[in-house]
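The values are calculated or read from the model by the stated rules, or taken from the named source; none is laboratory data. Keep in mind it's a predicted model, so treat the numbers as computed, not measured. With ideal geometry, Cβ positions are generated from the backbone for all residues, glycine too; neighbour counts draw on all protein chains shown. In case anyone asks, the SASA skips ligands and DNA or RNA and just uses the protein heavy atoms, side chains included. Shrake-Rupley method; radii C 1.70, N 1.55, O 1.52, S 1.80 Å.
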Amino acid sequence: MASLASAQASSRLDALSLTNTIVSLARNTRTHRHNCGQLAEHVGMIGNLLEKIKSTDLMKLPATKEPLVGLEEALEKALQLVESCRDKSCLYMLAMGWSVVYQFRQVQAEIYRHLSLLVLPMISLLHEFRLQNLKEGLQAIEADQRMYTLEEEDMEAQNVVLKPDRTRTDAEILEKSLSPKYPNLTFSEALQEEKEKLNIELQRSRTINDDPDQCRVIEHLIDVAENVVSGVLPGKKVEKLLVNEPSYVVSGYITNAKSIYGDHGLRPENEGWFGWHADLYGCCSEPCLSLKTCVYPCGTFSWIANVVSKGKISREQATNNLIACSVFGGCCCYTCFVRRKLRQLFNIEGSSFDDFFTHLVCCCCAMVQERRELELRNFEGCRGTNMIVPPSLQCMNA
């Protein structure tokens, strides 16, 4: 029994040490500084809570053992993410842009999940231990929602590194992005430093990860580091590294739709597509939204239609149209039309038949996916929406 308590205390001290390390390292990151700062502030609140309870008998409760281990594992992932933002190539982190942002969101969501499991056995004992301030600390962490995103300056630099060739203006944009990250180096020296880091990353990817797609992306970035000043980059085939990364393959190179063609620009016929950020069968991760959609689908659909149309279709109009189509048995035709508009908006792979069949077979799942997609992309009309609150905490707040 004593050894079990000792092991649990050791686990908790490890977790506390992890929070302190994350807060410390976040001050010295080169990339995603805002996101690292947001994560560090949130983790700091957790560290303060751990400090309050580490000396109490709450540490010895068998019910807290598994949540504490889970929390420690989540904090280790957070630490690895912060270390990547400090140590890895800035060009690589820029290219991975939104994928890194989603990792921040997932890490905080995982921390929330284990924290919510830790809350329940402790809440019932708070009166006995007279630790009312602990309850307030738990509630504060539960309410602390952070917004992780890619800053405009980073998006601009990302567009540069993903282009097939660069102009002098592009080189200046990249220099502006790298200068704060390497304050004591010239632009050429910073590029040389980046090249060395990318070569190390390439070697690791070849020997450890054995990921050909990732290797091609890194090779592309090495070419960028070598040729960005001259503005000449030989065409090189680079496959999309991650499904969730908002980039696609065009004429054999990796690029970004919005940066090259704008919101309304013409796109080449051989333009590639990329996938959904939200999974069609991920509705179980949003039980409150899923239940609301099953009970009142018009509410969820009207919100989606209003946001996708950028306000051109009011929620009342969308509801009336849906009811009218339902009378003639054609509601799926109308709802799949909005899904098609959403796909076109974000250049998501699919067809009109896919949209119709999806809404015909699992309409509620489709609408939950569409709403989550808009929120994950922080699209205009849904900014400020809390996207990463875990289902358990959402239901507790309801």
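In terms of its C-alpha gyration tensor, the stretch 287-377 has a rounded overall shape, because the principal axis ratio a/c (a ≥ b ≥ c, square roots of the eigenvalues) stays below 1.5. When the Karplus curve 6.51 cos²θ - 1.76 cosθ + 1.60 is applied with θ = phi - 60°, which whole-Hz ³J(HN,Hα) does each residue of the stretch 343-352 get, with x for Gly and Pro? Karplus-based 3J(HN,Hα) across the stretch 343-352 equals 4, 5, 4, 10, 6, 8, 5, x, 9, 4 Hz.
Amide H contacts of ARG30 (H built 1.01 Å from N, in plane; Pro and chain starts excluded): ARG86 sit under 5 Å, all sequence-distant by 5 or more or on other chains.
Under a 5 Å amide H cut-off, with hydrogens placed 1.01 Å from N, VAL228 pairs with nothing among residues at least 5 apart or on other chains. 3J(HN,Hα) along the stretch 79-88, derived from phi through the Karplus expression 6.51 cos²θ - 1.76 cosθ + 1.60 where θ = phi - 60°, amounts to 5, 4, 5, 5, 5, 5, 5, 8, 9, 6 Hz, with x in place of Gly and Pro.
Across the accessible surface of the stretch 287-377, with the other protein chains kept in place and a 1.4 Å probe, carbon and sulfur atoms take up 63 percent. For the pair SER99 and ASN227, label points projected 7 Å from Cα toward Cβ lie 2.2 nm apart.
Where only protein heavy atoms count, and the probe is 1.4 Å, what is the accessible area per residue for the stretch 287-377 in Å²?
Value for the stretch 287-377: 48 Å² per residue.
Report relative contact order for the stretch 152-228 in percent, whole number only (criteria: Cα-Cα under 8 Å, sequence separation at least 6). Relative CO of the stretch 152-228 lands at 28 percent.
Using a probe of 1.4 angstrom and keeping all protein chains present, the accessible surface of the stretch 152-228 works out to 50 square angstrom per residue. Model label points for ALA143 and CYS325, set 7 angstrom from Cα along the Cα-to-Cβ axis, are 4.1 nm apart. One decimal place: the segment GLU172-LEU360 gains 62.6 nm when fully extended, by the rule 0.36 nm per residue minus the C-alpha distance.
Between SER314 and ASN184, full extension at 0.36 nm per residue minus the direct alpha carbon distance yields a gain of 41.4 nm. Rounded, prolate or oblate: pick one for the stretch 152-228, where a ≥ b ≥ c are the square roots of the eigenvalues of its C-alpha gyration tensor, a/c under 1.5 means rounded, and failing that, prolate if a/b is larger than b/c, else oblate. Prolate, because a/c is 1.5 or more and a/b exceeds b/c.
Each peptide in 204-213, 75-84 was scored by the mean count of other Cβ atoms within 10 Å over its residues; highest first, the order is 75-84, 204-213. The length gained on full extension between GLU136 and GLN192, counted as 0.36 nm times the residue separation minus their Cα-Cα distance, comes to 15.2 nm.
Listed by chain and number, the aspartates and glutamates placed with their C-alpha closer than 17 angstrom to that of LYS195 are ASP87, GLU175, GLU219, ASP223, GLU226; residues fewer than eight positions away on the same chain are left out.
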